[in-house]
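Colleague: Dropping the structure in here first, questions after.
The values are calculated or read from the model by the stated rules, or taken from the named source; none is laboratory data. The model shown is predicted, which means the values in this text are computed figures rather than measured ones. Positions of Cβ are backbone-derived with ideal geometry, glycine not excepted, and every protein chain shown enters the neighbour counts.
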Amino acid sequence: MRVSIGSDHAGFEQKQALVDYLKGKGVEVVDRGPANDDRVDYPDYAAPVARDVADGAADFGVLVCGTGIGMAMAADKVPGVRAANIINPEFAALCREHNDANVITLSGRFVPLEENERILDAFFATPFGEGRHAGRVEKIMALEE
Ligand code: RB5
């Protein structure tokens, strides 16, 4: 599995830790930056991660900002992306099972690192449920047309 990851300054510290966490689990990680915690604009980092997923260069994207909200808004503008801002493992599983989310956005300021690790574990462990959910996701994607 290949994961593209990025953050802004507010998510930088957790992004660095999550890169190590994922690599430790054998995940191939593409780090789209930033390389330090200088103040940056989150859409500039949401875009390359979202495009990696949309282009098939990565299976999933992970984005961390202060809340995860701005990252989700920005990533969802890229066609093919279904980004979800997630603050607990239960929602992480549900956004995969019901919504086939392919980008997860996390809060570096309001959710502790250990909880974000559990969130990523649930996200990556949960397959899309298909069945009744498939047509609904197709309807989401049809809104891009
Ligand atoms: C940066 O201050 C903050 O606005 C950003 O990290 C994020 O929370 C936006 O949604």
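Colleague: State all residues of segment 45-61 that are touching a helix residue (DSSP H, G or I) at 6+ places or on another chain (Cβ under 9 Å) and charged (D, E, K, R); if no residue qualifies, say none.
Modeller: Listed by number, the list holds a single entry, Asp59.
Colleague: Would you say Thr105 is within 16 Å of the ligand (Cβ to nearest atom) and outside any strand (DSSP E or B)?
Modeller: It is false that Thr105 is within 16 Å of the ligand (Cβ to nearest atom) and outside any strand (DSSP E or B).
Colleague: A further question follows. Out of Arg96, Arg118, which single residue is of a type outside the set (Asp, Glu), over 17 Å from Gly6 (Cβ atoms) and crowded, with 23+ Cβ neighbours inside 10 Å?
Modeller: Arg96
Colleague: Just to be sure I understand, how many residues within segment 55-99 are in contact with a Gly (Cβ under 6 Å, 6 or more places away or on another chain) and among the acidic types (Asp, Glu)?
Modeller: 1
Colleague: Based on this model, can you work out whether Val111 counts as assigned to a helix (DSSP H, G or I) and either surrounded by 12 or more Cβ atoms within 10 Å (Cβ to Cβ) or at pLDDT below 95 (or both)?
Modeller: So Val111 does not fit the description; no.
Colleague: Scan segment 114-132 for residues that are outside any helix (DSSP H, G or I) and under 17 Å from the mean Cα position of the chain (by Cα) and jot them down. Give the derivation first.
Modeller: Start the filter on segment 114-132 by keeping residues that are outside any helix (DSSP H, G or I), which leaves 126-131.
Once the filter is applied, which keeps residues that are outside any helix (DSSP H, G or I) and under 17 Å from the mean Cα position of the chain (by Cα), segment 114-132 yields Thr126, Pro127, Phe128.
Colleague: So, one more: Considering each of Ala47, Ala10 in turn, give the residue that is within 14 Å of the ligand (Cβ to nearest atom), in contact (Cβ under 8 Å) with a residue 24 or more places away in the chain, among the small types (Gly, Ala, Ser) and assigned to a helix (DSSP H, G or I).
Modeller: After ruling out the rest, the residue left standing is Ala10.
Colleague: Which count do you get for residues in segment 50-61 that are buried (at least 20 other Cβ atoms within 10 Å of the Cβ) and in a helix (DSSP H, G or I)?
Modeller: So the count comes out to 3.
Colleague: Please go through segment 18-41 and pick out each residue that is more than 16 Å from the ligand (Cβ to nearest atom), within 16 Å of Phe123 (Cβ to Cβ) and buried (at least 16 other Cβ atoms within 10 Å of the Cβ).
Modeller: Val19, Tyr21, Leu22, Val27, Val29
Colleague: Count, please, the residues in segment 62-93 that happen to be within 16 Å of the ligand (Cβ to nearest atom) and either part of a strand (DSSP E or B) or out of contact with any helix residue (DSSP H, G or I) (no Cβ under 6 Å at 6 or more places or on another chain) (or both). I'd like the intermediate steps shown before the answer.
Modeller: First pass over segment 62-93, keeping only residues within 16 Å of the ligand (Cβ to nearest atom): 62-77, 83-87.
Subset that is either part of a strand (DSSP E or B) or out of contact with any helix residue (DSSP H, G or I) (no Cβ under 6 Å at 6 or more places or on another chain) (or both): 62-65, 67-70, 72-73, 76-77, 83-85, 87.
Within segment 62-93, residues that are within 16 Å of the ligand (Cβ to nearest atom) and either part of a strand (DSSP E or B) or out of contact with any helix residue (DSSP H, G or I) (no Cβ under 6 Å at 6 or more places or on another chain) (or both) number 16.
Colleague: In this structure, does Gly135 turn out to be modelled with pLDDT of 95 or more, outside any loop (DSSP other than H, G, I, E, B) and crowded, with 18+ Cβ neighbours inside 10 Å?
Modeller: Considered against the rule, which asks whether it is modelled with pLDDT of 95 or more, outside any loop (DSSP other than H, G, I, E, B) and crowded, with 18+ Cβ neighbours inside 10 Å, Gly135 comes out as no.
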